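Following: one structure in structure tokens, then a few remarks.
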Amino acid sequence: MMIFTKKMIEIRNILHDIQDDNSHITLPSIVVIGSQSSGKSSVLEAIVGHEFLPKGSNMVTRRPIELTLVHSKETTTPYCEFNGFQLGQITDFTKVQQVLTDMNMAIPPHRGVDDDPIRLTICASHIPNLSLIDLPGYIQIHSSDQPVDLDDKIANLCDKYIQEPNIILAVCAADVDLANSTALKASRRVDPLGLRTIGVITKMDLIPPEKAVSILRNEHYPLHYGYIGVISKVPQLSMWSRNQNLTDIVSSRERSYFSAHPEFRDLPVLPMLGIQNLRKNLIHVLEYTMSKNLQYTADSIRSELDDCSYQYKVQYNDRLLTAESYIAENLDVLKAAFKELSQKLDKNEVRALLKESLNEKTLDLLAERYWVDESILDWTKQSKTVDEHWQYKLDSCVSLLTRMGLGRVSTLQVTELLSRKVEEIAKQSPFGEHPGALQYILNATQDILRRRYHNTSEQVENCVKPYKFEVEIDDEEWKISRSEAQALIQKELSMCQNAEEKIRKVLGSKRLSQVLDFLDSQAKSSEPLPVAHSAILLDQGRLMQYLQMREDILKLRLSTLKSKTCKLKESKYLCPEVFLNAVSNKLINTAVLFINIELLSEFYYQFPRELDQRLIHSLTSDQLASFVDENPRLKSQIQLQHKKQALELALLKINSLAMLERQTDSD
Ligand code: GDP
């Protein structure tokens, strides 16, 4: 028969996590109620055989403690587990006591009590299968930091637990008048016929034996299961060792007390005395109540399962989902998007990116070194030969270009582009709803790119090294570069003209020419002229002057580039735009080659594998749970599915238990 309660406790544990306020399934437990200091803890500890409950006068039980005792023949060292906490199996009962104290004391005195139960399982070979709930004691003496409504709070909490089908263990101290027992009053409210209440009279040693006997015969409030008298006081630790079984110690002390007083022999049945008998009674009553409720419990599980299955079908079309399968599916979506990205972001794309940045660099060099040189207009118009000044200019520009740290610059640009693109596709994928997973993906990206960065930038830098000393351009390269250089200068020219047009539009042609005339006259005059325009207008005028000068230079340079002069590569000093562009093409080609091999291909190979590793193979159950929590839709689907599976399992177990019961009855 021990098996029956054990199986029911198993079912209760299966159902525990999925129960919410709407759930109607309740499996019977024994609920311990009593006034403060009535001896509740002592009784519970004597039943369990260990001292483990919080002690002290400062209202140490502030939360319900749902205690599951599991009888396990094979367990040589008893252990405890706090359900829902990762504390593992605790074999030291002092530690259990400490954890329970901490958990209770975490409720501040001004809150009084909290409904959230602590769930503790104790597994040992010497304990029965029992499910007990310890509740805060009814208050006897108030302290100033407690809430004024503490009595009500405790009464409400106890009332919540003493409902059907639970069994009420009403603990009353023998030295307090039973008529005043708050526990008995509470039980009478919910169980007026006393059908599911067991009375426990503690401290039998504190009153004269005749009085003790008359209490046990209580005729004012008779209980179906009667009253049991105990002497549950846990002896001083100096009188026993924590390795000893407390139940045996308490029982032997009770035996000597009861046998020393012949009055107790007058009791109608001796099972009315002692912790051992109380324990036997509890086992029997719990088992009986569970068995009596079996059909009702099975029916409520079935009805809740029907409801849950219907919801699951309607909402999710019965599609099975786990956090793992959800991640795997979404990972496929992400990988498909990544594949598309890898096809688009190829070496041509990298080339275009680097080209744009080196074009900028080339234009900056031309602007800094050539276009600000006042002799450039004359030089462009007249020169067919090259003097040292212009030779030096080009050589230094080439040197700046080839020594710009292309390895670092180009690799960084590509890694930044890749990071950006991966972030974009990850945010658009279903992982966009999972900040945690998104971070994993971004970290994976960064880690691979970081690993590849040095190798790539070094390779690029090493391979462009020869260009620092000499750059040779062939005819074909010159030809291509010439037309690119023309396009580049043309673009710059257009930008310059657009900027002029903008100023002209804002100021109007007439006002603009007045401002320009003023600036001209001012430049020519030796005396300062009276200011005829606002500072803003004058600034705009100066900008216009600058742009017009730049336009003149660019037009001239463009015509040179288009002229015969720039047709041949030998005229590189006369056509620095073509040569610099050709150098930048050489640098880009080398960079693209190595970036493609060392960075792009490696990244495209490693990234999907890294994702599998991080999101499929290495996530702990906690990480999976927090991943699920990030998506409310996923969370409710998994919860509903989990509930359905738990109900199915519970129903299967309760049905087979019912079948076993029927068989035993018919045997
Ligand atoms: P709780 O507040 O209801 O949990 O009560 P406790 O179990 O902490 O007991 C309150 C006090 O009564 C403690 O000092 C116990 O040692 C003492 N006590 C408990 N049971 C007995 C008993 O059967 N006989 C005697 N003499 N003292 C007891």
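The table below lists the values:
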| item | result |
| --- | --- |
| Contour minus Cα-Cα distance for Q439 and S143 (0.36 nm per residue) | 101.5 nm |
| Dipole of the chain, positive end: most advanced residue of F431, V99, V386 [Cβ charges, Cα centre] | V386 |
| Candidate lysines for bridging to K564, where Cα separation is under 18 Å - those fewer than 8 sequence places away on the same chain excluded | K381, K384, K479, K555, K572 |
| Order of M105, M544 - criterion: other Cβ atoms within 10 Å of each residue's Cβ, fewest first | M105, M544 |
| For the chain, calculated [θ]222 nm from helices alone, where every DSSP H run of n ≥ 4 adds -39500 (n - 2.57) | -19500 deg cm²/dmol |
| Dipole magnitude of the range 54-106, debye to nearest 20 (Cβ charges: Lys/Arg +1, Asp/Glu -1, about Cα centre) | 180 debye |
| Within-15-Å neighbourhood charge of I168 [Cβ basis; K, R +1; D, E -1] | +2 |
| Estimated distance in nm for a label pair at R504 and D306, the labels positioned 7 Å out from Cα along Cα-to-Cβ | 8.6 nm |
| Modelled label reach - T664, point 7 Å along Cα→Cβ, the range 60-85 residues with backbone N closer than 19 Å | 69-73 |
| Rule-of-thumb Rg ratio for the chain [Cα; 2.2 N^0.38 Å; N residues] | 1.70 |
| Burial ordering of T445, T456, fewest other beta-carbon atoms within 10 Å first | T445, T456 |
| T94-S521 pseudo-label distance in nm [points 7 Å out on the Cα-to-Cβ vector] | 10.3 nm |
| Residue-wise HN-Hα coupling along the range 461-475, computed from phi with Karplus coefficients 6.51, -1.76, 1.60 (Hz; x: Gly, Pro) | 4, 4, 7, 8, 3, x, 5, 5, 9, 7, 10, 9, 10, 8, 4 |
| Taking M8, M549 and counting other C-beta atoms within 10 Å, the order from fewest to most | M549, M8 |
| Spin-label zone in the range 162-180 - amide nitrogen under 18 Å from a point set 7 Å from the Cα of L267 along the C-beta vector | 169-176, 178 |
| Other-chain or far-sequence residues with amide H under 5 Å of Y138's (modelled H) | G34, S35, Q36 |
| Cβ-isolated cysteines (cut-off 4.7 Å), the chain | C80, C123, C158, C172, C308, C397, C463, C496 |
| Counted charge near T415, where neighbours are those whose Cβ lies closer than 12 Å (Asp, Glu -1; Lys, Arg +1) | +2 |
| Placed amide H near S29: partners under 5 Å, 5+ positions off or other chain | N166, I167 |
| The chain, dipole about Cα centre (Lys/Arg Cβ +1, Asp/Glu Cβ -1), debye to the nearest 20 | 680 debye |
| Net lengthening on full extension, S37/V531 (0.36 nm per residue, minus Cα-Cα) | 168.0 nm |
| Mean-position separation - Cα centroids, the range 100-150 and the range 476-523, in angstrom | 84 Å |
| Spacing of the two label points (7 Å from each Cα toward its C-beta) at S494 and L195, in nm | 9.4 nm |
| Residue among S525, G508, M549 farthest towards the positive dipole end of the range 438-593, charges placed on Cβ | G508 |
| Pairwise FRET efficiency - R119 versus D159, Cβ, R0 = 25 Å, nearest 0.05 | 0.75 |
| Sequence-distant lysines (8 or more away, or on other chains) whose Cα lies within less than 17 Å of K95 | K55 |
| Part-to-part distance (alpha-carbon centres) for the range 5-63 and the range 370-439, which is given in Å | 72 Å |
| Hits among aspartates and glutamates - C-alpha to C-alpha of K185 under 16 Å, sequence gap 8 or more where chains match | D151, D152, D159, D177, E219 |
| Cβ-derived FRET efficiency at R0 22 Å, L400 paired with K465, nearest 0.05 | 0.90 |
| Cα centroid separation, the range 288-359 to the range 613-643 (Å) | 9 Å |
| Globularity index of the range 389-501, i.e. its alpha-carbon radius of gyration over 2.2 N^0.38 Å | 1.56 |
| Calculated FRET value between E424 and R633, using beta carbons and R₀ = 25 Å, to 0.05 | 0.60 |
| Spin-label zone in the range 439-462 - amide nitrogen under 16 Å from a point set 7 Å from the Cα of Q613 along the C-beta vector | 440-453 |
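Every number here is computed from the coordinates shown, using simple stated rules; none is lab data. Nothing here was measured: the structure is a model prediction, and the numbers come from that model. Backbone-built Cβ (ideal geometry, glycine too); neighbour counts: all protein chains shown.
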